[in-house]
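So the structure is just underneath, and the comments pick up after that.
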Amino acid sequence: MIRRLMLPAAAAMFSGIVAAAPVASQETSAQAGVYTVEQADAGESVFNTRCSACHGENLEGTPGGPALVRANFMFAFGDRTVGDLFAFMKASMPPEAPGTLTDQQFVNIAAHLLRGNGYPAGMTALPNTPDGLSQIRIPRL
């Protein structure tokens, strides 16, 4: 009888401890090397064919489109996530035909933009899912 009373009480106490424990964040920083050189190179190739007419070959911008480096990039995406960058590109780029690139092409372009803004490459490629990309914060440099 005592055992039966103790077990539910212990379970209730344990579940309260578990519920009160903080959940570890899965978020990481773009400064942690979250894309590969190969991925950024693939993104640069797509960028040069599909994006550079407006944004310039070196991401410096043109009269037809803003720069995607330094202050412009930080103003738009600093302290946001790579998922935010991906969602913006997919919804609005290229302006004449939004969403015509594949998700992987947009992810690779994101890697190219990270490299162009001084974030280091690493050994692991950017994930190609919105949830995975949303876990990577773009800190202001």
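The values are calculated or read from the model by the stated rules, or taken from the named source; none is laboratory data. Note that the structure is a prediction, hence the values are computed from the model and not measured. We place every Cβ from the backbone using ideal geometry, glycine too, and count neighbours over all the protein chains shown. Calculation scope for accessible area: heavy atoms of the full protein, side chains included, ligands and nucleic acids excluded. Shrake-Rupley method; radii C 1.70, N 1.55, O 1.52, S 1.80 Å.
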Checklist entry - Stretched out fully, how many nm does the piece from T100 to M74 gain, at 0.36 nm a residue minus the Cα gap? => result 6.8 nm
Checklist entry - Shape of the stretch 64-126 from its Cα gyration tensor (a ≥ b ≥ c, root eigenvalues): rounded if a/c is under 1.5, otherwise prolate when a/b > b/c, or oblate? => result oblate
Item to check | Peptides ranked, highest mean first, by Cβ atoms within 10 Å: ranges 71-81, 93-103 | outcome: 71-81, 93-103
Checklist entry - Near the amide H of I136, under 5 Å away, which other amide H atoms are found, from residues 5 or more places off or on another chain, if H is placed in the peptide plane? => result T28, V82, G83
Checklist entry - Is the stretch 92-141 rounded, prolate or oblate when judged by the Cα gyration tensor, a ≥ b ≥ c being the square roots of its eigenvalues, rounded requiring a/c under 1.5 and prolate requiring a/b larger than b/c? => result prolate
Next on the checklist: Spelling out what I want: for every residue of the stretch 110-124, take phi, set θ = phi - 60°, compute 6.51 cos²θ - 1.76 cosθ + 1.60 (Karplus), and round to whole Hz; glycine and proline get x.
Outcome noted: 4, 4, 4, 5, 4, 4, x, 9, x, 7, x, 6, x, 9, 10
Checklist entry - Using modelled backbone amide H atoms (1.01 Å from N, in-plane), which distant-in-sequence or interchain residues come within less than 5 Å of G99's amide H? => result S92, M93
Item to check | Sulfur and carbon atoms: percent of accessible area, the stretch 30-94 [1.4 Å] | outcome: 57 percent
Checklist entry - For the stretch 21-141, what does the alpha-carbon gyration tensor say about shape, rounded, prolate or oblate, given a ≥ b ≥ c as the root eigenvalues, a/c under 1.5 as rounded, and a/b over b/c as prolate? => result prolate
Checklist entry - Amide H neighbours of L126 under 5 Å, counting only residues 5+ apart in sequence or on other chains, H built in-plane at 1.01 Å? => result T36
Checklist entry - Hey, what do the phi angles of the stretch 85-101 turn into as Karplus ³J(HN,Hα) couplings, whole Hz, using 6.51/-1.76/1.60 and θ = phi - 60°, x for Gly and Pro? => result 4, 4, 4, 4, 4, 5, 7, 10, 10, x, x, 7, 7, x, x, 7, 8
